[in-house]
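As structure tokens, the structure follows; a few thoughts come after it.
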Amino acid sequence: KLLLIGNCRHGKDTMAEILRDNFEFSFKSSSQAAAEIFIYDELKDKYGYKTFEECFEDRVNHRKDWFDLICEYNKDDKMRLAKEILENNDCYVGMRDFNELEEASDLFDIIVWVDAEKRLPLEDNSSMTCTKQQADIVIDNSSTLVDFNRRVINFGNLFLKPKKIL
């Protein structure tokens with residue numbers, strides 16, 4: 001089981017997609033899972049969302065709300081959302097709370113920080129409290145997509161089964 005963490009828009013989902021496309025690998029992001037389970041219902045009236053998709057696509061504009069709602073969802077069991085995601089997936093993408101990660105770290109075989117801080121801003125701690133030091137490995141995403149793709153494939157070759165060619 002894999003956990004991908006890092007700042008907003010630094011490439012966590014892209015890394016998961018590259019792994020999915022090249023290896024026997026499944027993933028779900030915290031935002032996708034939380035939106036499906038409870039966040040859409042919590043935020044649709046507040047922001048006037050007409051569809052689940054509209055809510056999900058607008059998440060980047062309300063990161064603190066999403067962070068706070070997920071923390072509230074996990075208040076009695078810091079591993080709640082992680083356990084739900086890992087029931088049917090190899091990877092959880094985007095855990096953002098330091099305390100949740102501290103408690104849930106044993107659920108994961110490896111924790112990867114995706115890092116694009118040389119080209120993108122860092123997220124403020126109102127919506128992201130995990131740290132790079134909590135990760136086992138850092139994958140740099142500060143140069144080109146080609147370089148990032150190569151790094152992710154190299155990572156996958158070390159830890160994952162290649163997809164079967166039909």
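The values are calculated or read from the model by the stated rules, or taken from the named source; none is laboratory data. Predicted model only: the values in this text are computed from it and were never measured. Virtual Cβ from ideal backbone geometry, glycine too; neighbours counted across all protein chains shown. We work out accessible area using only protein heavy atoms, side chains counted, and drop any ligands, DNA or RNA first. Shrake-Rupley method; radii C 1.70, N 1.55, O 1.52, S 1.80 Å.
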*If you check Asn125, Asn141, which single one turns out to be farther than 10 Å from Leu3 by Cβ and modelled with pLDDT of 95 or more?*
Asn141
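Conditions tested, residue by residue: (1) without any contact (Cβ under 8 Å) to a residue 12 or more places away in the chain; (2) of a type in the set (A, V, I, L, M, F, W, C).
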| position | (1), (2) |
| --- | --- |
| Asp65 | no, no |
| Asn74 | no, no |
| Met79 | no, yes |
| Ile110 | no, yes |
| Arg119 | no, no |
| Lys132 | no, no |
| Thr144 | yes, no |
| Ile153 | no, yes |
*Restricting the search to the range 1-18, which residues are part of a helix (DSSP H, G or I) and buried (at least 24 other Cβ atoms within 10 Å of the Cβ)?*
Lys12, Met15, Ala16
*Give the residue, chosen from Asp90, Asp97, that is within 20 Å of Arg9 (Cα to Cα) and of a type outside the set (A, V, I, L, M).*
Asp97
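Please enumerate the residues belonging to the range 21-71 that are outside any helix (DSSP H, G or I) and of a type in the set (D, E, K, R).
Glu24, Lys28, Lys50, Asp58
Do we have any residue at all in the range 30-39 that's open to solvent by 40 Å² or more (accessible area, probe 1.4 Å), over 30 Å from Leu158 (Cβ atoms) and in contact (Cβ under 8 Å) with a residue 40 or more places away in the chain?
yes
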